[in-house]
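The values are calculated or read from the model by the stated rules, or taken from the named source; none is laboratory data. Model, not experiment: these values are computed from the prediction. Positions of Cβ are generated from backbone atoms using ideal geometry, with glycine treated the same way; all protein chains shown enter the neighbour counts.
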Amino acid sequence: MNNSSVNTARLLGAGLRALLVLTLVTGVLYPLAVTGIAQALFPGRANGSEVEADGRVVGSSLIGQSYDLPPRHGRQTPAPDLRWFQGRPAGGLGTNSVNTRYRLILSGATNLAADSGAVHGVCPAEPADGTLCAQVLAAKAAVVRDNSVPGYTVRPSDVPADAVTSSGSGLDPAISPRYAELQAHRVAARNGLPVARVQKLIEEHTEARTLGFIGEPRVNVLQLNIALKQLTAKG
């Protein structure tokens, strides 16, 4: 065997050994180590931040959910179930249009610019259909209509931005305390509860800024609705 063949065999052997070692380290040992550390120190987060109620998993604290009624006959769009607190507009909640055998929660924004439908930076009274202005004004009208109950009228100026816009992912699980409080009278009326008790429930589930300075105070809608269900069950 000449030197060229020997060197080639040696290089191939070294490459094969490197492949096997790296496969073992990066494909087996490292994932096992990371998984073990995550399960030991942060089991809840490692398993998807699951939220349980009545002994079963009902969702994740990281992903928003819809609280809707079944669509009426002849209608494709479900109406919100107004017994419950509603989250932000779910721009990312959709159906996989490629593989239609599975219904998936899809993450994604509308890609509409802030000035979509605006004239000189201001939304006109009747913006063009399909623009961000049209979506925001329609959402604001729905928030005003749905949350105005006898003795409590919501004004358009009362509606916060997170009530009429979706997040970048479209799957934001939280709303602002201001939006939660705006819904308190409607939720109380629909469930036969005192408004003060619903407001206290919101206060109990309001999370402060992360580390005291990152982000904004927020209320996780799933966890708030679980607490509301428990409260109504006590009756």
Exercise. Filter the stretch 157-179 for residues that are among the aliphatic types (A, V, I, L, M) and free of Cβ contacts under 8 Å to residues at least 40 places away in the same chain; which is surrounded by the most Cβ atoms within 10 Å (Cβ to Cβ)?
Worked result: V159
Exercise. Restricting to the stretch 180-229, what's the tally of residues that are in a helix (DSSP H, G or I), more than 21 Å from V159 (Cα to Cα) and free of Cβ contacts under 8 Å to residues at least 12 places away in the same chain?
Worked result: 0
For this session: Mind listing just one residue for me: the one in the stretch 115-150 that is of a type in the set (S, T, N, Q), buried (at least 18 other Cβ atoms within 10 Å of the Cβ) and within 21 Å of L82 (Cβ to Cβ) and, of those, modelled with the lowest pLDDT?
Result: Q135
Exercise. Residue check, A233 against (1) crowded, with 16+ Cβ neighbours inside 10 Å; (2) among the aliphatic types (A, V, I, L, M); (3) free of Cβ contacts under 8 Å to residues at least 60 places away in the same chain; (4) part of a helix (DSSP H, G or I), all met but one. Which one?
Worked result: (1)
Exercise. Residues in the stretch 38-55: is at least one within 25 Å of the chain's Cα centre (by Cα), touching a residue at least 40 places away in the same chain (Cβ under 8 Å) and either under 22 Å from V219 (Cα atoms) or in a loop (DSSP other than H, G, I, E, B) (or both)?
Worked result: yes
Exercise. Does I214 satisfy the criteria of being at pLDDT 95 or above and under 18 Å from D162 (Cα atoms)?
Worked result: no
Seminar exercise, completed: Expected single match for under 25 Å from W84 (Cα atoms) and in contact with a helix residue (DSSP H, G or I) (Cβ under 8 Å, 6 or more places away or on another chain) among S166, S176 is S176
Exercise. Only one residue in A196, A184 is under 26 Å from L62 (Cβ atoms) and at pLDDT 95 or above, so which one is that?
Worked result: A184
